[in-house]
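Novice: Questions regarding the structure given below will be posed in turn.
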Amino acid sequence: MSKKITVVGATGNIGTALVHQLLGQGHHVVALARPSARLDALQQAGATIKAGDAHDVALLTDALRGADAAFLMIPPNGTAPDVLAHMQQIGEATAEAVRQSGLKVAVHLSSIGADQPAGTGPVVGLQHQEARLNAIDGLTVAHLRPAYFMDNLLSSVGMVQHMGITGGAMRPDLQFPMVATKDIAAKAAELLNSEHLENHSVHYLLGPRNYSQQEATAAIAQAIGRPELPYVPFPYEDAKQGMMQAGLSENMASLYDEMTRTMNEEKAMVHEARTPANTTPTTLEEFVQEVFAPAFQRATA
């Protein structure tokens with residue numbers, strides 16, 4: 001049955017894949033994101049586009065009005081001087097637009113660790129958004145809690161290119177779940193297509209197994225033909241300075257530092273119980289072959 005489905009954050013890795021999946025299933029898709037060539041491409045693919053900022057209540061309300069269901073998320077902003085305040089602003093605007101539009105069904109992109117009240121860096125903002133959406137009368141909402149994105153590994157393309165290493169403050173041996181964003185989009189599409197969404201349900205997405213940064217580096221090394229590529233652990237302060245040099249605000253770098261310390265100490269986001277329902281298909285080896293290696297080759301060309 002064809003539905004009208006609104007996708008917020010439509011030009012991100014998850015949003016783009018989700019829009020294409022929903023269009024392919026015959027749905028009428030409203031794609032909301034900032035103006036860009038990627039948004040124009042979604043219009044050419046058949047989506048109705050709404051261009052603007054995610055904190056614009058009028059725009060959000062307009063995009064959600066009349067929709068049978070919506071994919072909701074807080075688009076990340078790594079340069080915000082106060083990331084959690086930025087997330088609160090967008091989260092409150094989204095909740096207000098849901099109320100004003102009368103939206104009845106939503107799938108919300110949260111994160112692993114959103115059950116924890118503190119210590120998870122930017123994920124704390126998603127815990128607050130889960131609570132905000134759960135409090136809206138008349139809204140049936142399901143929360144996706146994916147693990148660490150395999151796509152985060154793309155941030156090391158420049159490091160591999162210029163320094164001949166991958167590296168970070170994460171313990172080299174720490175195994176934790178990693179998931180491909182295309183598998184998150186597939187789960188979101190499945191839930192949006194569901195006729196009986198369980199209200200306030202939580203859906204973890206943990207990838208096929210847990211991986212360490214050493215294993216991720218070995219997979220990258222094989223995919224790009226650099227068998228000697230090492231993973232170099234950095235002191236926390238050096239990793240934080242590196243993030244700021246790469247363009248993140250001091251506040252966002254501090255939040256990521258907090259999250260990394262929590263993971264290294266195995267206090268959250270590492271030991272989630274794995275089930276057939278939360279295990280997703282794309283392996284790290286497939287991801288580096290299909291996504292990382294082509295991105296590396298484009299950067300090196």
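Quick note: the coordinates plus some simple rules give every number you see, no bench work behind them. Quick caveat, the model's predicted, so the values are computed rather than measured. Neighbour counts run over all protein chains shown; Cβ positions are idealised from the backbone, glycine included.
Novice: At 0.36 nm per residue, and after removing the present C-alpha to C-alpha distance, how many nm does the segment from Asp137 to Ala299 gain when stretched out fully?
Specialist: Using 0.36 nm per residue and subtracting the Cα-Cα distance, I get 53.5 nm.
Novice: Along the charge dipole of the chain, which of Phe149, Pro276, Gly26 sits closest to the positive end, that is, farthest toward it, with unit charges on the beta carbon of Lys, Arg, Asp and Glu (+1, +1, -1, -1)?
Specialist: Among Phe149, Pro276, Gly26, the one farthest towards the positive end of the dipole of the chain is Gly26.
Novice: What angle do you read, to the nearest 10 degrees and between 0 and 90, between the alpha-carbon axis of helix 250-264 and the longest principal axis of the chain?
Specialist: 70
Novice: With +1 on each Lys and Arg Cβ and -1 on each Asp and Glu Cβ, how big is the dipole of segment 238-301 about its Cα centre, in debye rounded to the nearest 20?
Specialist: Working: 5 positive and 10 negative charges, 19 e Å.
Taking the Cα centre of segment 238-301 as origin, the dipole is about 100 debye.
Novice: Let me ask something else about it. If I compute Cα extents along the principal axes in Å from the structure I just sent, which labelled value in (i) 67, 46, 44; (ii) 55, 38, 37; (iii) 55, 43, 39 lines up?
Specialist: Among (i) 67, 46, 44; (ii) 55, 38, 37; (iii) 55, 43, 39, the one calculated here is (ii).
Novice: With only alpha-carbon atoms in the gyration tensor, what are the semi-axes of the equivalent ellipsoid for segment 172-301, in Å, largest first?
Specialist: Numbers: eigenvalues 155, 89, 49 Å².
Each semi-axis is the square root of five times an eigenvalue, giving 28, 21, 16 Å.
Novice: Which cross-chain or sequence-distant (5 or more) residues have an amide H under 5 Å from the amide H of Ala54, H modelled 1.01 Å from N in plane?
Specialist: none
Novice: Please give the length that would be gained between Ser155 and Thr279 if that part of the chain were fully extended, namely 0.36 nm times their separation in residues minus their C-alpha to C-alpha distance (nm, one decimal). Before the final figure, lay out the partial values.
Specialist: Numbers: separation 124, 0.36 × 124 = 44.64 nm, distance 2.44 nm.
Result for the pair: 42.2 nm of gain on full extension.
Novice: For labels at His200 and His162 in the simple 7 Å Cα→Cβ model, what's the distance in nm?
Specialist: The modelled label-to-label distance comes out at 4.8 nm.
Novice: Counting other Cβ atoms within 10 Å, which GluC sites (Glu not before Pro) in segment 155-199 have at most 12 and lie in a DSSP loop?
Specialist: On the way: sites: Glu190, Glu195, Glu198; in loops: Glu195, Glu198.
Sites meeting the loop and neighbour criteria: Glu195, Glu198.
Novice: Compute from the Cα atoms of segment 61-120 the Rg and the Dmax, the latter being the longest Cα-Cα distance, and quote both in angstrom.
Specialist: That works out to 13.1, 38 Å for Rg and Dmax.
Novice: Here's something else I'd like to know. When the chain is fully extended, how far beyond the present Cα-Cα distance does Arg38 get from Asp82, taking 0.36 nm per residue of separation?
Specialist: Details: separation 44, 0.36 × 44 = 15.84 nm, distance 2.70 nm.
Stretched fully, the Arg38-Asp82 segment lengthens by 13.1 nm.
Novice: Could you tell me how far the Cα centroid of segment 63-135 sits from the Cα centroid of segment 11-40, in Å?
Specialist: 19
Novice: Something else about it: Mind ranking 158-165, 201-208 by how tightly packed they are, going by the mean number of other C-beta atoms within 10 angstrom, highest first?
Specialist: On the way: 158-165: 13.6, 201-208: 20.4.
Result, highest mean first: 201-208, 158-165.
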